[in-house]
Amino acid sequence: MSLLPRFIRVRQNFARPAPLDLRATLTTEFEKLRPRVKPGARIAVGVGSRGITNLKPIVAEVLALLRAAGAEPVIFPAMGSHGGATPEGQREVLASYDITEASMHAPIRASLEVRQVGVTADGKPVWCSVEALGADGIVLVNRVKPHTDFVGELGSGLLKMAVVGLGKQVGAAAMHMAASEIGHERAIRTMAGVLIRETPLLGGFALLENQFHETAKIVGLRREEMEKGEDALLVEARRLMPLLPFDEIDLLIVDRIGKNISGTGMDPNVIMRSIDGYSSHLRRDGRPAPFIRRIFVRDLTPETHGNAIGIGLADITTTRLARAMDPRITFVNSMTALTPQSAKLPVYFDTDREAIERALASLPLADPAAARIVRIADTLNLVEMEISEALWPAAKARPEIALVRPAAGLEFDAEGNLQ
């Protein structure tokens, strides 16, 4: 049994603004859409699978505002192939956020039936949910953040939800196929343009979150404002996104991955590994920070419902994660996204202790106790983390990092798993 380093708990001291008044903000922003909501209109509200803070109260307030305007709102899952691309699976995803017909006092229309509504200038087909098309208006609710598959002026937000969410599995597959030819940004922008013109899309509510995974901003966008409005919000979202504060890491321990954490299980913007594949070469050779030599993923989140997409970005995992993975749900999602490698299982071991020891043994380290190791809960929550003593000199040189707990050994239970 190798000697493992001791760990220090640290905190990144990000600026923390006053909490946002959700109800007051939504009431104000709803006024932008209110003139388009006619009394008696049936409004389809699109809700996705991403783990968004305050998702339940935000959706509930949007429904309440629609009712107050005289509309009859319904909910539809806007999540492409997630939930195994079945109505039941997508209902379960919403239920994991306590978004149910009982809690929302609104029916949920989970059909995956779609209809083609047009083609782009590039000749790419555009699809839309039949349930949404049957409504008098469509309103989307989604967080704006950097996309996990590409870097550009467009991120992941209302436009992507329009293309992938409204399009269901068929639309999601069409977008990814188009992206493989013309690029993600062009595919999403052009397809969203067709949906804005050809469907009863009214607009949506764009959400921003800060480094504490708290709601920082809510902006109502009319359909004609969505593209430019989202571009501007992405600049702010990038500034608010928490990152790992080190140039090189020998081993990153990630406690959990899942669809509620990131569309790719763990965010490539944080780990600097592409969903389309990564190099396992141990030399940095000019690669951007943070350069991470090994990634060990311990578990799946309950909210991911067995979807282990993104595990292919890890080097090592556990037997329990391999057993918790639902192959059908994971494979449907990864194949729809044209990223089968994201569902590949890495080597796995029965205990956390063995996984860590094997990971360190696979590195050119003269002394494993001197390894630069970071342990995080997930790639969404990076305010506090545990770092090995070898990283403390780099950490304390950064004024935004503070000590939370002095060095101590990792705590394992009787079975050899981290507490």
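Since every read-out is calculated from the coordinates, none of them should be taken as a lab result. Treat the numbers as computed from the prediction; the structure is a model and nothing was measured. As a convention, Cβ positions derive from the backbone with ideal geometry for all residues, glycine included, and neighbour counts pool all protein chains shown.
Note the full-extension length gain between residue 384 and residue 67 as 0.36 nm times their separation in residues minus their Cα-Cα distance, in nm to one decimal.
Full extension from residue 384 to residue 67 adds 110.0 nm.
Just to confirm the number: angle between the C-alpha axis of helix 226-240 and the first principal axis of the chain, 0 to 90 degrees, nearest 10?
The answer is roughly 20 degrees.
Based only on other Cβ atoms within 10 Å, what is the fewest-to-most ordering of 363, 4?
363, 4
Less than 12 Å Cβ to Cβ from residue 153, Lys/Arg counted +1 and Asp/Glu -1: what total charge do the surrounding residues give?
Overall, the nearby charge balance is 0.
On a 0 to 90° scale, report how tilted helix 184-198 is relative to the longest principal axis of the chain, with both axes built from alpha carbons and the result rounded to the nearest 10.
Helix 184-198 and the main axis of the chain meet at about 20 degrees.
Please say if region 29-77 is rounded, prolate or oblate, where rounded means a/c under 1.5 for a ≥ b ≥ c the square roots of the C-alpha gyration tensor eigenvalues, and otherwise the choice is prolate for a/b larger than b/c and oblate otherwise?
prolate
Let's see if you can work this out: charge +1 on each Lys and Arg Cβ, -1 on each Asp and Glu Cβ, no other charges. What is the dipole magnitude of region 293-343 about its Cα centre, in debye to the nearest 20?
180
For the chain, just say rounded, prolate or oblate: build the C-alpha gyration tensor, square-root its eigenvalues into a ≥ b ≥ c, call rounded for a/c under 1.5, and beyond that prolate if a/b exceeds b/c, oblate if not.
Prolate.
Under a point spin-label approximation (7 Å from Cα along Cα-to-Cβ), what is the residue 402-residue 361 distance to one decimal in nm?
Distance between the two pseudo-spin positions: 4.1 nm.
Could you work out how far apart the two model spin labels at residue 415 and residue 377 are, taking each label as a point 7 Å from the Cα in the direction of the beta carbon, and quote it in nm?
Going from the residue 415 label point to the residue 377 one covers 2.2 nm.
Residue farthest toward the positive end of the dipole of the chain, with Cβ of Lys/Arg at +1 and Asp/Glu at -1: which of 164, 12, 280?
Among 164, 12, 280, the one farthest towards the positive end of the dipole of the chain is 164.
Can you sort 100, 120, 148 by how many other beta carbons sit within 10 Å, fewest first?
Listed from fewest to most nearby Cβ atoms, that is 100, 120, 148.
Can you give the calculated 222 nm mean residue ellipticity of the chain, where each DSSP H run of n ≥ 4 adds -39,500 (n - 2.57) and the sum is split over every residue, rounded to the nearest 500 deg cm²/dmol?
That calculation yields -8500 deg cm²/dmol at 222 nm.
Tilt of helix 352-361 relative to the longest C-alpha principal axis of the chain, in degrees (0 to 90, nearest 10)?
70
Rounded to the nearest 5, what % of DSSP beta bridges with both residues in the chain are antiparallel?
In the chain, DSSP labels about 45 percent of beta bridges as antiparallel.
Given a cut-off of under 8 Å on Cα pairs at least six residues apart, what relative contact order in percent is computed for the chain?
Over the chain, the number comes to 21 percent.
Relative to a virtual label point 7 Å from the Cα of residue 213 in the Cα→beta-carbon direction, which members of region 229-265 show backbone nitrogen distances below 14 Å?
Of the residues in region 229-265, 242-243, 254-263, 265 have backbone N under 14 Å from the label point off residue 213.
Each label point is 7 Å from the Cα along the Cα-to-Cβ direction; what then is the distance between the points at residue 287 and residue 151, in nm?
1.4
Rank-order 367-378, 21-32 by packing density, defined as the average count of other C-beta atoms within 10 Å over each peptide's residues, highest first.
Going from most to least packed, we get 367-378, 21-32.
State the antiparallel share, in %, of DSSP beta bridges confined to region 31-240, rounding to the nearest 5.
So the antiparallel bridges in region 31-240 amount to around 40 percent.
Please name which of 251, 318, 176 has its Cα lying farthest along the dipole of the chain towards the positive end, using unit charges on Cβ (Lys, Arg +1; Asp, Glu -1) and the Cα centre as origin.
So the residue furthest toward the plus end is 176.
For 338, 140, what's the fewest-to-most ordering of other Cβ within 10 Å of each Cβ?
Fewest-to-most ranking of 338, 140: 338, 140.
Work out how much length residue 247 to residue 177 would gain on full extension: take 0.36 nm times their residue separation and subtract the Cα-Cα distance, in nm to one decimal.
Gain in length upon complete extension: 21.7 nm.
Express in whole angstrom the spacing between the alpha-carbon centres of region 355-370 and region 375-419.
Going from one Cα centre to the other spans 17 Å.
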